[in-house]
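Sharing a structure, written as structure tokens. Questions coming.
The values are calculated or read from the model by the stated rules, or taken from the named source; none is laboratory data. A quick note: this is a predicted structure, and the numbers were derived from the prediction, not measured. For neighbour counting, all protein chains shown are included, and Cβ atoms are generated from backbone atoms with ideal geometry for every residue, glycine included.
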Amino acid sequence: MTDAFPSRITVKHALELLRAAAAERGRATEQVATRRADGRVLAADVVAPIPLPAFDNSAMDGFAVRHADLSAAAPVTLELAGEQFAGPDLGLAVGPGQCVRITTGAPLPSGADTIVIREDAIEQDGRVQVPAGIRAGAHVRRQGEDVATGDVVLRAGQVLTPARIGLAAALGIDRLEVAARPTVAVFASGDELAEPGMPLRPGQVYNSNREQLMAQLRDAGLEPVAWPTLPDDPVLIAAVLDDAVENFDLVLTCGAVSAGEKDHLPRWLQARGRIRFWKVRMRPGMPVLFGEAGRALVLGLPGNPVSVLATFHVFGRTLLDALQGREPRPCWRARLAAPWHKRHDRLEFLRGRLDQDANATLCVHPEPADGSHRLRAAASSDVLIVLEDGANAYVAGDVVEVLPL
């Protein structure tokens, strides 16, 4: 192959190229019902059409009063002039020396400005005794104190969490504009692969990579399509992938991206489309391949299962976020719970377990089984520990970035 593309680049450079490729694609959007929009990425700001609360109302069950009628020094007795429950506003008014029975969420009667909670008052024969020292405005929710009409309450790029769905619904918004979810085709490759549930022949291994990728994509809210295993045959690989890249937004493969005799994907991608980069200075997953062909972006991950885990988490998730315009994810940091000697120059994504010490400080335990084939160790981990470029002897207590799995 003629290297007319970046190779052996840094992780930072690779991520920049991923985001640039996603930006060139533009972002399709769609309108979805608010009640079904959880987990989606907002494509447009949400502006409040009404205030929240929509009207002055009571925060407690009790009695609506005029604070001017109360005393700081002694209890007072007021006339009970009516009842206002949560629901339609009855148009009641509170005059001097009067009060109105009220429930939580009920509109505040005209003239009232304070709520006396039921437990603090004594009601008898149509009159209510109110204790001394009630604070002016107590237990009243004022119109617009949470949200004013015209406020931008949600922003494009935010993920619609349950609380954000609830906020949109509280504002009466029944549809939201969200980023269209990319369509994704998933391939594993290699003549050595057998499907789980089938007997293994000598030299075969079960196809764990495809199931792992499918699970990660479903966890991201997508509906990926699993394709049959690609054989180690360049003609058959081309025939299948040529079809996939015309029908999906993203084609994800694992295996066949290194420099061996059976690693046919780089040649196919260079001939069929364009390689954006091939090989990144990272461990595990150095041979990762990225480019485009047909209508699709193509991300080729290495074949070792831990490499698939790390490279999808770093590159696949970033690419999917960029295609949907998702805001940056938060950066976590923790202290190493044990020393670690990094003997190579590449940036490393080490598996680890997040914990909390007695001082409520986040700490992370490195997984000593760090080989790219050690899937059991990966399964017991809940973060990737980011160890920066360059050899280094880390000591317990050093602060490192962690990527939650």
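Pick out the one residue from V130, V184 that is β-branched (V, I, T), buried (at least 16 other Cβ atoms within 10 Å of the Cβ) and within 30 Å of D233 (Cα to Cα).
One residue alone meets the criteria, V184.
Looking at the range 1-46 only, could you name the residues that are buried (at least 19 other Cβ atoms within 10 Å of the Cβ) and in contact with a Gly (Cβ under 8 Å, 6 or more places away or on another chain)?
Those that are buried (at least 19 other Cβ atoms within 10 Å of the Cβ) and in contact with a Gly (Cβ under 8 Å, 6 or more places away or on another chain): F5, R40, V41, L42, A43.
Each row is one residue, and each column tells you yes or no for (1) aliphatic (A, V, I, L, M); (2) surrounded by fewer than 19 Cβ atoms within 10 Å (Cβ to Cβ); (3) under 30 Å from G221 (Cβ atoms); (4) touching a residue at least 40 places away in the same chain (Cβ under 8 Å).
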residue: G97; (1), (2), (3), (4): no, yes, no, no
residue: L108; (1), (2), (3), (4): yes, no, no, yes
residue: D113; (1), (2), (3), (4): no, yes, no, yes
residue: R118; (1), (2), (3), (4): no, yes, no, yes
residue: D125; (1), (2), (3), (4): no, yes, no, no
residue: I134; (1), (2), (3), (4): yes, no, no, yes
residue: G137; (1), (2), (3), (4): no, yes, no, yes
residue: T149; (1), (2), (3), (4): no, yes, no, yes
residue: L154; (1), (2), (3), (4): yes, no, yes, yes
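Would you check if there is a residue in the range 77-85 being in contact with an Asp or Glu (Cβ under 8 Å, 6 or more places away or on another chain) and crowded, with 21+ Cβ neighbours inside 10 Å?
Yes, the range 77-85 has at least one match.
Quick one: which strands (runs of 3 or more DSSP E) lie wholly within the range 75-162 and hold at least 2 residues that are closer than 18 Å to L52 by Cβ?
152-154
For the range 22-61, which residues satisfy the criterion of being in a loop (DSSP other than H, G, I, E, B), in contact with a strand residue (DSSP E or B) (Cβ under 7 Å, 6 or more places away or on another chain) and within 30 Å of T183 (Cβ to Cβ)?
R27, A37, G39, R40, A43, A44, D45
Let me ask something else. Among the residues of the range 250-276, write down those that are touching a Phe, Trp or Tyr at 6+ places or on another chain (Cβ under 9 Å) and either in a helix (DSSP H, G or I) or among the basic types (K, R) (or both).
Correct list: P266, L269, Q270, R274, R276.
Please give the number of the condition P202 fails out of (1) more than 20 Å from V298 (Cβ to Cβ); (2) part of a helix (DSSP H, G or I).
Failing condition for P202: (2).
Identify, by number, the condition in (1) surrounded by fewer than 21 Cβ atoms within 10 Å (Cβ to Cβ); (2) modelled with pLDDT of 95 or more; (3) farther than 25 Å from A256 by Cα that S380 doesn't meet.
Here S380 meets the rest and fails (2).
Here's another thing I want to ask about it. Which one of these is crowded, with 19+ Cβ neighbours inside 10 Å and more than 30 Å from A322 (Cα to Cα): L176, L193?
None of the other options fit; the residue is L193.
Taking the condition of being of a type in the set (G, A, S), part of a loop (DSSP other than H, G, I, E, B) and in contact (Cβ under 8 Å) with a residue 24 or more places away in the chain, how many residues in the range 358-397 meet it?
8
Rundown of residues vs (1) β-branched (V, I, T); (2) in contact with a helix residue (DSSP H, G or I) (Cβ under 9 Å, 6 or more places away or on another chain), yes/no style:
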| position | (1), (2) |
| --- | --- |
| R353 | no, no |
| T361 | yes, no |
| H365 | no, no |
| S372 | no, yes |
| R376 | no, no |
| S380 | no, no |
| I385 | yes, no |
| E388 | no, no |
| A393 | no, no |
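Something else about it: Just checking, does the range 237-249 include any residue being in a loop (DSSP other than H, G, I, E, B) and under 18 Å from S372 (Cα atoms)?
no
Could I ask something else about it? If we keep just the residues of the range 294-313 that are part of a helix (DSSP H, G or I) and not hydrophobic (A, V, I, L, M, F, W, C), which is surrounded by the fewest Cβ atoms within 10 Å (Cβ to Cβ)?
Taking the candidates together, the pick is H313.
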